[in-house]
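The structure under discussion appears below in the form of structure tokens.
The values are calculated or read from the model by the stated rules, or taken from the named source; none is laboratory data. Quick caveat, the model's predicted, so the values are computed rather than measured. For neighbour counting, all protein chains shown are included, and Cβ atoms are generated from backbone atoms with ideal geometry for every residue, glycine included. Heavy atoms of the whole protein, side chains included, go into the accessibility calculation; ligands, DNA and RNA do not. Shrake-Rupley method; radii C 1.70, N 1.55, O 1.52, S 1.80 Å.
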Amino acid sequence: MKRFGIRGAILDFIADPQEQAKAWRYFDDGLLVVGDGRVELLDSAAKHIDSLKDQLPVFEYPDCLICPGFIDTHVHYAQTRIIGSPAPGLLEWLDTYTFPEELRFQDPEYAALVADEFLDECLRNGTTTGQVYPTVHEDSADEFFAAAHRRGLRMVAGKVLMDRHAPQGLLDGEDSGEAGTERLIEKWHGKGRQSYSITLRFAGTSTRRQMELCRRLVDRYPNLLFHTHLSETLAEIDWTLGLFPDCSDYLSVYEKYGVVSNHSVFAHCIHLSESEQQRLADAGASAALCPTSNLFLGSGLAPIKRLADQKIKLSLGTDVGGGTSFSMLQTMHEMYKVAQLGEQGVGPFDLFYLATLGGARALHLDQHVGNFDQGKEADFVVLDAGGSNLSQQKFDRAGSVAERLFAYIILGGTHSVRETWSLGRRVWQRDSE
Ligand code: GUN
Ligand code: ZN
């Protein structure tokens, strides 16, 4: 199907609602025309439907909301099977559940199996792009890219770099970090819709030698993203500063090794000092906020409004398996509640922005995805009440777009995703499951 129309309520963003008043476009009866997998037109249906309906098939979605596919900027595919594993905190959770599970990914067959389970789960939840952690094993990244490439999904990933403070089977050898990363970049970066992120687990599981390797990789590949964790729990911060005693705060460890730039994405960013926030903003780095994980592991409450006011680029991540849901609607929901306990000032437009265009900007993919500008890849999701009377009555009485979005955030989830489309192809349909 080369050219077709999608008709229904349509929402997307052209800017960050925290920075610009009219940051979004909404059509109650909108038309999205897709040709060869790309957006040709977004407008009100009334203007075009008479002239177009004889020229192309138009799929009608009354009572649905169509928005760009969700972008999950921080998630671990290798942790799909340990979602919902309780622990007193992050470091105990890593030792008890995460490292033992990640050891299994030395088997490429297991990696391929879980990669497919993970991608199914993403599509079931309307997530069309993710920045994804495999494990330290080169094959685990290779199998992930292969699975995403086969399905034509736009994904970002990178073999995890780690060489201490974990079981032996999860540690890079003398040369595997550098050689493995180089081979994967060569094979996958820019192949179809795949791109490579230089991926460090976090400072605590890398020696100084490996941190120096990160510097070299970032210098060698300045257009690639750099992805890691930062300031997730207080215990992690204490431990990290003990390992790098010459650094005065957590961010300065990454600064010391030259990996903080407008291409870095730091997951969590909960317990940052004023100075660290300012330095992140000055570098143009971005923070991937992961509220379901932070609540589940008891890590803390990310100060989303303060980070936004500091002009730090923000996005949302599920952080599965520390995170408890693949659903970006559920992630928005928890982010809203976290903001309510903080400085507030975060609303439904902010949250939908973070899960779409905000994510694309954080990953430097906004020339490809994130909204319905002409020429962008047609990745989108069709949302509805999912058979819930409670949601339907809430939509029926919503007096504004904001109220309708809010109903999706608070009452929505996996069940709300009727269809997911990637590059103009329907890749998930709830009612045919
Ligand atoms: N910090 C280092 N590794 C991890 C991980 O796998 N999950 C989370 N949430 N934080 C981390
Ligand atoms: Zn994580």
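So, Gly152, is that one open to solvent by less than 40 Å² (accessible area, probe 1.4 Å) and within 16 Å of ligand 1 (Cβ to nearest atom) or not? First the steps, then the outcome.
Values: open to solvent by less than 40 Å² (accessible area, probe 1.4 Å): yes; within 16 Å of ligand 1 (Cβ to nearest atom): no.
So Gly152 fails the test.
Kindly evaluate Gly204 against the criterion of being surrounded by fewer than 24 Cβ atoms within 10 Å (Cβ to Cβ), of a type outside the set (Asp, Glu), touching a residue at least 24 places away in the same chain (Cβ under 8 Å) and within 16 Å of ligand 2 (Cβ to nearest atom).
On the way: surrounded by fewer than 24 Cβ atoms within 10 Å (Cβ to Cβ): yes; of a type outside the set (Asp, Glu): yes; touching a residue at least 24 places away in the same chain (Cβ under 8 Å): yes; within 16 Å of ligand 2 (Cβ to nearest atom): yes.
Yes; evaluated as a whole, the condition is true for this residue.
In the condition set (1) closer than 23 Å to Gln340 by Cα; (2) in contact with a Leu (Cβ under 6 Å, 6 or more places away or on another chain); (3) open to solvent by 10 Å² or more (accessible area, probe 1.4 Å), Ala287 is compliant with all but (3). Restricting attention to segment 1-25, the residues that are part of a strand (DSSP E or B), over 24 Å from Lys313 (Cβ atoms) and out of contact with any Pro (no Cβ under 6 Å at 6 or more places or on another chain) add up to 7.
Can you find a residue that is over 25 Å from Phe406 (Cβ atoms), under 21 Å from the mean Cα position of the chain (by Cα) and of a type outside the set (A, V, I, L, M) anywhere in segment 96-104?
Of segment 96-104, the ones over 25 Å from Phe406 (Cβ atoms) are 96-104.
Pick out the ones that are also under 21 Å from the mean Cα position of the chain (by Cα) and you get 98, 102.
Pick out the ones that are also of a type outside the set (A, V, I, L, M) and you get 98, 102.
Yes, there is a match, as at least one residue in segment 96-104 is over 25 Å from Phe406 (Cβ atoms), under 21 Å from the mean Cα position of the chain (by Cα) and of a type outside the set (A, V, I, L, M).
Going by what's in this entry, would Leu295 be described as open to solvent by 10 Å² or more (accessible area, probe 1.4 Å) and out of contact with any Cys (no Cβ under 7 Å at 6 or more places or on another chain)? Considered against the rule, which asks whether it is open to solvent by 10 Å² or more (accessible area, probe 1.4 Å) and out of contact with any Cys (no Cβ under 7 Å at 6 or more places or on another chain), Leu295 comes out as yes. Looking across segment 67-89 at every residue that is buried (at least 24 other Cβ atoms within 10 Å of the Cβ) and away from ligand 1 (no atom under 11 Å from the Cβ), the one that is farthest from His368 (Cα to Cα) is identified as Tyr77.
Within segment 344-360, can one find any residue that is more than 16 Å from ligand 1 (Cβ to nearest atom), in contact with a Pro (Cβ under 6 Å, 6 or more places away or on another chain) and among the aromatic types (Phe, Trp, Tyr)? Working first, answer last.
Step one: list which residues in segment 344-360 are more than 16 Å from ligand 1 (Cβ to nearest atom), which gives 344-360.
If we keep only those that are in contact with a Pro (Cβ under 6 Å, 6 or more places away or on another chain) as well, we get 349-350, 353, 356.
Retained after the next criterion (residues that are among the aromatic types (Phe, Trp, Tyr)): 349, 353.
Scanning segment 344-360, I find at least one residue that is more than 16 Å from ligand 1 (Cβ to nearest atom), in contact with a Pro (Cβ under 6 Å, 6 or more places away or on another chain) and among the aromatic types (Phe, Trp, Tyr), so the answer is yes.
Here the helices (runs of 4 or more DSSP H) wholly within segment 319-433 that include at least 1 residues being modelled with pLDDT under 95, open to solvent by 40 Å² or more (accessible area, probe 1.4 Å) and out of contact with any Gly (no Cβ under 8 Å at 6 or more places or on another chain) are 389-397.
Taking the options His227, His263, His271, name whichever one is within 16 Å of ligand 2 (Cβ to nearest atom), under 20 Å from Leu200 (Cα atoms), surrounded by fewer than 24 Cβ atoms within 10 Å (Cβ to Cβ) and at pLDDT 95 or above.
On the way: His227 fails: surrounded by fewer than 24 Cβ atoms within 10 Å (Cβ to Cβ); His263 fails: within 16 Å of ligand 2 (Cβ to nearest atom).
Selected residue: His271, the only one of His227, His263, His271 that is within 16 Å of ligand 2 (Cβ to nearest atom), under 20 Å from Leu200 (Cα atoms), surrounded by fewer than 24 Cβ atoms within 10 Å (Cβ to Cβ) and at pLDDT 95 or above.
In this structure, is Phe105 surrounded by 23 or more Cβ atoms within 10 Å (Cβ to Cβ) and within 13 Å of ligand 1 (Cβ to nearest atom)? For Phe105, the condition - surrounded by 23 or more Cβ atoms within 10 Å (Cβ to Cβ) and within 13 Å of ligand 1 (Cβ to nearest atom) - is met. Out of segment 115-140, which residues are within 24 Å of Leu383 (Cβ to Cβ), outside any helix (DSSP H, G or I) and within 16 Å of ligand 2 (Cβ to nearest atom)? Selection gives Thr127, Gly130, Gln131, Val132. Among the residues of segment 309-345, just one is in contact (Cβ under 8 Å) with a residue 40 or more places away in the chain, more than 16 Å from ligand 2 (Cβ to nearest atom) and on the phi > 0 side of the Ramachandran plot, namely Gly345.
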